[in-house]
1. Considering only residues that are assigned to a loop (DSSP other than H, G, I, E, B), over 20 Å from the mean Cα position of the chain (by Cα) and within 27 Å of PHE282 (Cα to Cα), which ones fall in the stretch 104-155?
2. Counting only residues that are part of a strand (DSSP E or B) and in contact with a strand residue (DSSP E or B) (Cβ under 6 Å, 6 or more places away or on another chain), which one in the stretch 67-81 is nearest to GLU376 (Cα to Cα)?
3. Which one of VAL312, VAL302, VAL294, VAL298 is surrounded by fewer than 21 Cβ atoms within 10 Å (Cβ to Cβ) and either part of a strand (DSSP E or B) or at positive phi (or both)?
4. Go over the candidates VAL176, VAL195, VAL189 one by one and state the one that is in a strand (DSSP E or B), farther than 20 Å from ASN360 by Cα and of a type outside the set (Asp, Glu).
5. Condition check: in contact with a Ser or Thr (Cβ under 6 Å, 6 or more places away or on another chain) and within 16 Å of the ligand (Cβ to nearest atom). Does GLY135 satisfy that?
6. Identify all residues within the stretch 262-291 that are within 20 Å of the chain's Cα centre (by Cα), assigned to a loop (DSSP other than H, G, I, E, B) and under 17 Å from ASN211 (Cα atoms); write none if there are none.
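Please treat every number below as a calculation from the coordinates, not as lab data. Just so it is clear, the model here is predicted, and its values are computed rather than measured. Heads up, the Cβs are rebuilt from the backbone with ideal geometry, glycines too, and the neighbour counts pull from every protein chain shown.
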Amino acid sequence: MKRIVLFSLIVIIGSISLNSCRQSSKNKEMVKKENFGVFKGKDVFLFTLTNKNGNVVKLTSFGARITWIEVPDRSGRKENITFGYDTFEGMINGDPYFGSVVGRYANRIAKGKFTLDGTEYTLPVNDGDNTLHGGPEGWHSVVWDAEIPENADVPTVRFTYQSPDMEAGFPGNMNVEATYTWTDNNEIVIDYKCVTDKKTVLNITNHAYFNLHGAGNRDILDHEVTINADRFVPVDSGLIPTGELRPVAGTPFDFTSPRNVGERINEDYDQLVIGGGYDHTFVLDSDREYDARVFDPVSGRVLEVLSDQPGVQFYSGNFLDSSQKGHGGKPYIHRSGLCLETGHYPDSPNHPDFPSTTLNPGETFTSQTVYRFSVE
Ligand code: GAL
């Protein structure tokens, strides 16, 4: 009897460890890791994640960036639909934000100044008088540590970075994590986690550009966009919020039902003129199935964006001017990519009535953004 019990125990333990071994090696099989370059003496890696459908996402530890998303159109033809570069050289000499994690403060802080508990902090400015996307040395431009978690059953890469106190002018040592999961439903799930040891501000996002025709092929003016927002955040000529939250009803900013990006983009409407197109945060409704949806009638590709954040920055690629040449040397022409950057409103540290972007020691900031791809 004893022998039978012992034998069964050995079989059970054996199969458990075999299973966990299979699982741990599974993520390693689904995620290929290669050297991509070296930056300031630190190795940079490229990760190729292949899901059950054979669809491929590529990430790099430089800026924790998404650099390739290959998904099928309605006839099954696969193409990369995000901006990026084939080589590390191209990446460091190219646009700093394509696919990057942006921090510590995505979008602008007016005059590079904010005050916390009576202390004024000054950041380097890099966009006229203002600080954009965490300043010139933001999280898009550092090498993150990367790990392929053993227990994941779909392709997953976890990037971590220790941002020192006063880095780029921001107070507090901050530990940040951005975990990317590429699910078998063709969703990129990004889980962010941040902790600080001093009161500070935080607005983290991902800056991927999308063109559902295929990146580098043509503009995105025919993409049909829906944004579940009744209000948006008007800006001044420096793209700093004026403080107003304006209803979208009756304006070219009403995307509560699907509208082509190009349909109203050149209208003589104050905010379109100031932004050179759409470059605004939309105030997300609390009860929503998704934040935003993009449909390309030509390829049939659909992108849905889901998040738990109070806003999404809809940017119609107005600063693109063909000087940025990405994968395959293709020029990214004016308005050939759009961004849907989930997060807080720009310049919130200077607008006490906006949702707070303050992070205190002892608190853990967590947030999730999903980019879901399908066809229709
Ligand atoms: C966007 C921002 C634009 C522009 C772009 C980077 O997030 O809204 O104004 O700065 O990043 O080129």
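1. Within the stretch 104-155, LEU123, PRO124, VAL125, ASN126, GLY128, ASP129 meet the criteria.
2. Across the stretch 67-81, the extreme among qualifying residues is PRO72.
3. On inspection, the qualifying residue turns out to be VAL302.
4. VAL189
5. No; evaluated as a whole, the condition is false for this residue.
6. Answer for the stretch 262-291, where residues must be within 20 Å of the chain's Cα centre (by Cα), assigned to a loop (DSSP other than H, G, I, E, B) and under 17 Å from ASN211 (Cα atoms): just TYR278.
Table: residues versus (1) among the aliphatic types (A, V, I, L, M); (2) away from the ligand (no atom under 16 Å from the Cβ); (3) out of contact with any strand residue (DSSP E or B) (no Cβ under 9 Å at 6 or more places or on another chain).
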{"site": "PRO96", "(1), (2), (3)": "no, no, yes"}
{"site": "ASP127", "(1), (2), (3)": "no, no, no"}
{"site": "TRP139", "(1), (2), (3)": "no, no, no"}
{"site": "ASP153", "(1), (2), (3)": "no, yes, yes"}
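Residues are listed down the side, and each one gets a yes or a no for (1) acidic (Asp, Glu); (2) out of contact with any helix residue (DSSP H, G or I) (no Cβ under 8 Å at 6 or more places or on another chain); (3) crowded, with 18+ Cβ neighbours inside 10 Å:
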residue: ASN35; (1), (2), (3): no, yes, no
residue: GLY41; (1), (2), (3): no, yes, no
residue: VAL44; (1), (2), (3): no, no, yes
residue: LYS52; (1), (2), (3): no, yes, no
residue: LYS58; (1), (2), (3): no, yes, yes
residue: ARG65; (1), (2), (3): no, no, yes
residue: PRO72; (1), (2), (3): no, yes, yes
residue: GLY76; (1), (2), (3): no, yes, no
